[in-house]
Amino acid sequence: MKVIRILSRDIRDSFKGVIRNFSLSLASISCITITLIVVSISILLTYNVNAFADNVQKDVTIVAFMNVDITAEEKDDVLEEIREISGIESYEYQSKTDIANDMMESSEDLKNILSQYTEETSPLQPTYLVKVKDINKIGNIAAKIEKIKGVDIVKYGEGMVEQLVSIFEIVKNVSVGVVIALIIVTAFLISNTIKITIFSRKREIEIMRLVGSSNLNIKIPFIFEGLFLGILGSVIPIIITTYGYTMLYKKFDGQLFSPFIQLIKPTPFIYQISLALLAIGILVGMYGSFKAVRKHLKI
């Protein structure tokens, strides 16, 4: 009970401290707000870029063209060997008729040409469409499929896929690095702003020392002040993130520039980002206060 009573008093004193030093507190809150807005934008961009990269990689398909005159028994043998290859997520068989129907739907000229053929006389090659679990292993899996008896040729956009994967890896690493760098910069800016706030109250701390307050008792109210500043500074970034991203998603109908670039659905994405912003604001505010009190006032 005593601990709860002491904590309640410290929280009350911290809140009063924020109100008493409103102008300096406002400077800290403004710093937190501005930097968290930048962090929010960076996180939103990073997650959407990474989601786009993952979707592109998932859509990459190995197309195994089989011999034109392959028999039903040989087709089943090819399937059995494909099943034995590790790292394959899914596979789909397309007969000559399936391929012809898809092609005829896309062009009237192709429809006139292909409609003259039957399943037996069609020059098209039946295929297996294979998706892999790990895009980095697509080359090895494609090479194994190509060695299967009955498979004529294998295509998956070789060369271009490897370059695409490499570019996406660079983008992911850079975007994550930018977010981490922004969080560090945020911590530095907020810490320095809070240092000014606490330095202006040096006399108040000296009085607390003179009346016998321990170092811990002096630090705790300031740490709680940092917590309050972090919460207050997170409010506007959370509102902008929640409503801004939702409006953007609705305005562009969930896509950016083209249907190929899909945005992440707002729910529960915006709530996860909002919690992350609140956590960053609180942690950075508390850390900034703690560091400022300990180092710059030599408590």
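Nothing in this text is a laboratory measurement; each read-out follows from the coordinates by a stated rule. Computed from a predicted model, the values in this text were never measured in an experiment. Because the Cβ atoms are built from the backbone with ideal geometry, glycine has one as well, and the counts that use them run over all protein chains shown.
With a cap of 15 neighbouring Cβ atoms within 10 Å, and only residues DSSP puts in a loop, list the chymotrypsin sites (Phe, Trp or Tyr not before Pro) found in segment 108-168.
Tyr117
Mind ordering 101-111, 130-140 by average Cβ neighbours within 10 Å, highest first?
Listed from highest to lowest mean packing, they are 130-140, 101-111.
In nm, what is the difference between 0.36 nm times the number of residues separating Asn67 and Asp134 and their Cα-Cα distance?
Residue separation times 0.36 nm, minus the Cα-Cα distance, leaves 21.4 nm.
So, in nm, how far is label Leu26 from label Glu74 when the simple model puts each one 7 Å beyond its Cα toward the Cβ?
Here the modelled spin labels are 8.3 nm apart.
Students often get this wrong, so check it: of Lys96/Lys265; Lys58/Lys155; Lys75/Lys131; Lys111/Lys251, which have C-alpha atoms separated by over 27 Å?
The pairs that break the limit, which is 27 Å between Cα atoms, are Lys96/Lys265; Lys111/Lys251.
For Asn217 and Glu119 in one chain, what is 0.36 nm times their gap in residues minus the Cα-Cα distance, to one decimal in nm?
Once the chain is fully extended between Asn217 and Glu119, it gains 26.7 nm.
So if each residue of separation counts as 0.36 nm, and I subtract the Cα-Cα distance between Asp98 and Ile239, what length gain in nm does that give?
45.7 nm
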